[in-house]
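Asks: Just dropping this structure here.
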Amino acid sequence: MDLEELEKRVTLLEDIQEIENLQRIYGYYFDNCMFQEVIDLFSENTESVEITDHGVFKGKEGVKRLYGGMIGVKRPGWIFFEVMQEQGVIEVAPDGKTAKGRWYTPAFEARPFGGTMKQTWEFGVYDNEYVKENGKWYFKKLHWNLTFWTSYEAGFLKVPKLSDTPFPNADAPATAYHPYPSGYHVPYPFKHPITGE
């Protein structure tokens, strides 16, 4: 391995680490309702944010519409969100300017639902795209696919989906929303590491 190849390898590893940090930081900000900080993680040239049953929000203006309405909203101390981001796989494009990443998201929360306090379990998949601009990685496209959303009491075998809540200000309906037990499998954005297929 010559010096040029070594430099490319180091840059690739640094890019992967920065994207992992970006994704994790998004999770911490989102869980703590730091929505201005969330907005700032998106490129000015963002393609879209898609949240399953909420719909598709296009461009940076769509990002602001989705998250901006929640800035400064006070929440009672009992409301709680915890969206974990697990098993991340990142593929950086050969030119080092874009990347794709996939993450499992087991989650639990406590929030108002139907006029009462509700504890819920959720599970889904992030299938995201990233772009490098001026030496920093940003979200270019965020897509969260909900697998199930259920109460602690019922469980996802009985109630896999508590409700559909499309947002009235979305630009378009979700492109893929097939919750449990549909058997839908979000396609992998990466190639097989051995066969390349």
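The values are calculated or read from the model by the stated rules, or taken from the named source; none is laboratory data. Remember, predicted model here, so these are calculated numbers, not experimental data. Methodologically, a virtual Cβ is constructed for each residue, glycine included, from the backbone with ideal geometry; neighbour enumeration extends over all protein chains shown. Keep in mind that these areas ignore ligands, DNA and RNA; they rest on the heavy atoms of the full protein, side chains included. Shrake-Rupley method; radii C 1.70, N 1.55, O 1.52, S 1.80 Å.
Asks: Give me the pairs: first residue in the stretch 171-197 and closer than 26 Å to A93 by Cβ, second residue of a type in the set (F, W, Y) and open to solvent by 50 Å² or more (accessible area, probe 1.4 Å), beta-carbon distance under 8 Å, and six or more apart or on different chains, which are they?
Replies: A176/Y184
Asks: Let me confirm something: among K118, K132, K100, which residue is out of contact with any helix residue (DSSP H, G or I) (no Cβ under 6 Å at 6 or more places or on another chain), within 30 Å of G77 (Cβ to Cβ) and open to solvent by 30 Å² or more (accessible area, probe 1.4 Å)?
Replies: Among K118, K132, K100, only K118 is out of contact with any helix residue (DSSP H, G or I) (no Cβ under 6 Å at 6 or more places or on another chain), within 30 Å of G77 (Cβ to Cβ) and open to solvent by 30 Å² or more (accessible area, probe 1.4 Å).
Asks: Anything in the stretch 13-39 that is more than 23 Å from A107 (Cβ to Cβ) and either within 13 Å of the chain's Cα centre (by Cα) or of a type in the set (D, E) (or both)? List them, or say none.
Replies: If the condition is that a residue be more than 23 Å from A107 (Cβ to Cβ) and either within 13 Å of the chain's Cα centre (by Cα) or of a type in the set (D, E) (or both), then E14, D15, E18 are the ones that fit.
Asks: Look through the stretch 138-160, keep the residues that are in a strand (DSSP E or B) and basic (K, R), and return whichever of them is surrounded by the most Cβ atoms within 10 Å (Cβ to Cβ).
Replies: K140
Asks: Every residue in the stretch 63-90 that is buried (at least 17 other Cβ atoms within 10 Å of the Cβ) and either under 30 Å from K8 (Cβ atoms) or modelled with pLDDT of 95 or more (or both), please.
Replies: V63, K64, Q85, I90
Asks: Further question: Of the conditions (1) closer than 28 Å to K8 by Cβ; (2) touching a helix residue (DSSP H, G or I) at 6+ places or on another chain (Cβ under 8 Å); (3) open to solvent by less than 60 Å² (accessible area, probe 1.4 Å); (4) at pLDDT 95 or above, I39 clears all except one; give me its number.
Replies: Evaluating I39 over (1) closer than 28 Å to K8 by Cβ; (2) touching a helix residue (DSSP H, G or I) at 6+ places or on another chain (Cβ under 8 Å); (3) open to solvent by less than 60 Å² (accessible area, probe 1.4 Å); (4) at pLDDT 95 or above leaves (1) as the failure.
Asks: Look through T105, T46 and report the one residue that is part of a loop (DSSP other than H, G, I, E, B) and open to solvent by less than 20 Å² (accessible area, probe 1.4 Å).
Replies: T46 is the lone residue from the list that is part of a loop (DSSP other than H, G, I, E, B) and open to solvent by less than 20 Å² (accessible area, probe 1.4 Å).
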